[in-house]
Amino acid sequence: MLEAVKVGVLGLGTVGCGTANILSRNADEIARRAGRGIQLAVACVQNLEKSRDCDTSDIVLTEDADRVVCNTDIDIVLELMGGTEEARGLVLKAIDHGKHVVTANKALIAYHGNEIFQRAQDKGVSVAFEAAVAGGIPIIKALREGLAANSIEWLAGIINGTGNYILTEMGDKGRDFDDALKDAQRLGYAEADPTFDIQGIDAAHKLTILASVAFGVPLQLSKVYTEGITEITSKDVSYAAELGYRIKHLGIAKRTAEGLELRVHPALIPQRRLIANVDGVMNAVVVKADALGPSLYYGPGAGAEPTGSAVVADLVDVVRALTSDPENRVPHLAFQPNALSDIPVLSIDEVSTAYYLRIHVLDRPGVLADVTRIFAVHNISIEAIIQKERQAESTSVPIVILTHQVSEQNMKCAISELEELEAMTSQVMRIRLETLS
Ligand code: NAP
Ligand code: HSE
């Protein structure tokens, strides 16, 4: 067998140690798959004094990133430190030194992927990023290689474990939002800054990457419409359940005749859909492809070894391709770089979906007529309407409405007119509804 490939890692935290432990535990099988051994030789960390969750006795630890990215003994650099600007600089430096790169950093790829892939192409090296989306699920490989025959019509995914954990806890145990978030942080699911999880930013990074690989378009993070889960209440979760739906935080990328929809937001999904039953920190992505039809990819969306599993799979791919001509490698974004498409991305106002609305109105004659008149003016057709019981000491009653498909623009106008009604006692709560059929 050939000599082992030497690898350097930037960051030896949760994912770095998960990766190191897998490489050491499964060394023989990994070598049989890759065609040669893989040796984690050097690791750059911030604090040399910190204790590690992996055996570092055979790894040179350093605080100097250049000892990884400029190291002539190293063939492959793992970027597992996170962040965008410093990581960008180090990844570009590694590429300039002829290193292949494997990263789990979705923010880095979403912001700087176009530049990084161009530089990698110019230098004839690979940049692999399976672990950046949906943790351990091999969704990038599935889209880029397994579905290469297909035209992808749409994909919809639960791609943030923290958000899904919070919504599951609210639905199953009736816990409130802040309580469930604290738990997700304690369990290590949340990002260092949990606003990335709960405001949909992390999911937007991941959707940007999925859309590029699915449709062969450049990475376009700024065009993703992004809403988080902070407005969802336990009441909405239970009203949705009474109507046969579950609320999930989805990333949706859809090809339409007018352009691409790229959006991240909570949505009601019929309970009978498999993806509606993906709970806790688990992630899942449904892909609708023209030849295969629908397929579902499910698994842990975060954590040390699930994410390390994806990092090591990328490493094995890179090692297998070390001797192949760069032109014959799998393209970074699935499509050949000179064949990317400029399909326009639609603004959210151009998107049509069904809606769940929760309104609170004074319980008196004629109010419902005012509500339905506004809907009629804006061409909104109602699928179901339920008046819930008045809550103790409240002067208003909650009304839950499901609509048929309507353009976002029309719904926005209707909501602003509803909120001007004198009988309306609070803001309208609106959540999009996706049948995923
Ligand atoms: P983490 O536990 O905080 O580990 C980060 C590591 O990077 C630490 O070892 C830290 O050093 C080191 N580091 C940070 N800044 C550095 C710098 N400027 N120079 C040198 N070393 C630096 O983070 P993580 O959870 O492993 O996440 C790493 C990446 O994977 C992120 O991009 C994250 O979004 C992504 N990711 C994470 C998960 C997950 O489940 N955690 C899943 C998918 C993707 P010290 O240890 O000395 O502080
Ligand atoms: N904070 C992220 C999540 C980690 O909860 O999904 C995995 O990307």
Next item on the list: Send over the per residue convex hull volume for the range 1-117, Cα only, as a whole number of Å³.
Entry: 105
Notebook entry, point to check: Just Ala211, Ala192, Ala257 to compare: in a GNM of the chain, with alpha carbon springs under 10 Å, which one fluctuates most?
Noted result: Ala257
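In the calculated pair distance distribution of the range 290-400, what percentage of Cα-Cα distances lie above 24 Å?
In whole percent, the share of Cα-Cα pairs in the range 290-400 beyond 24 Å is 65.
Place a +1 charge on the Cβ of each Lys and Arg in the range 73-226 and a -1 charge on the Cβ of each Asp and Glu, then give the dipole magnitude about the Cα centre in debye, rounded to the nearest 20. Walk me through the numbers before you get to the answer.
Details: 14 positive and 21 negative charges, 75 e Å.
Roughly 360 debye for the range 73-226.
Normalised radius of gyration for the chain, please: alpha carbon Rg relative to 2.2 N^0.38 Å, two decimal places.
Working: Rg = 24.0 Å, N = 437, 2.2 N^0.38 = 22.2 Å.
Cα Rg divided by the expected 2.2 N^0.38 Å: 1.08.
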Next item on the list: Determine ³J(HN,Hα), in whole Hz, for all residues of the range 292-302 in sequence, where each value follows from phi through the Karplus function 6.51 cos²θ - 1.76 cosθ + 1.60 and θ = phi - 60°; x replaces Gly and Pro.
Entry: 6, x, x, 9, 10, 10, 9, x, x, x, 7
Next item on the list: With all distinct Cα pairs included, what does the Kirkwood hydrodynamic radius of the range 166-218 come out to in Å, to one decimal, could you say?
Entry: 12.5
Check: Across 5 Å bins from the origin, how do the percents of Cα pairs in the range 56-204 run, short distances first?
Finding: 2, 8, 15, 17, 16, 14, 13, 8, 5, 2, 0, 0
Next item on the list: Report the Cys residues of the chain lacking a disulfide-compatible partner, meaning no second Cys Cβ under 4.7 Å from their Cβ.
Entry: Cys44, Cys70, Cys413
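When all alpha-carbon pairs of the range 145-264 are counted, what percent fall beyond 17 Å?
Details: 4174 of 7140 pairs.
It works out to 58 percent of all Cα pairs.
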Next item on the list: Scan the chain and report its longest stretch carrying no GluC sites (Glu not before Pro) that are both in a DSSP loop and have at most 15 other Cβ atoms within 10 Å.
Entry: 64-230
Checklist line | Residue among Gly146, Gly366, Gly18 with the largest mean-square fluctuation in a Gaussian network model of the chain, springs linking Cα atoms under 10 Å | finding: Gly366
Item checked: Integer Hz, Karplus 6.51/-1.76/1.60 couplings in order for the range 179-192, x for Gly and Pro -> 4, 5, 5, 4, 5, 4, 5, 4, 7, x, 7, 6, 5, 3
Check: Check Val361: other-chain or 5+ apart residues with amide H under 5 Å from its amide H, H built from backbone geometry?
Finding: Val397, Ile399, Thr425
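Could you work out the equivalent-ellipsoid semi-axes for the range 232-272, taking the square root of 5 times each eigenvalue of the Cα gyration tensor, largest first, in whole Å?
On the way: eigenvalues 130, 25, 9 Å².
Listed largest to smallest, the semi-axes of the range 232-272 are 25, 11, 7 Å.
No lab work stands behind these numbers, since they all come straight from the coordinates. This structure is a prediction, so every number in the text was calculated from the model and none was measured. Note: ideal-geometry Cβ built from the backbone for every residue, glycine included; neighbour counts use all protein chains shown.
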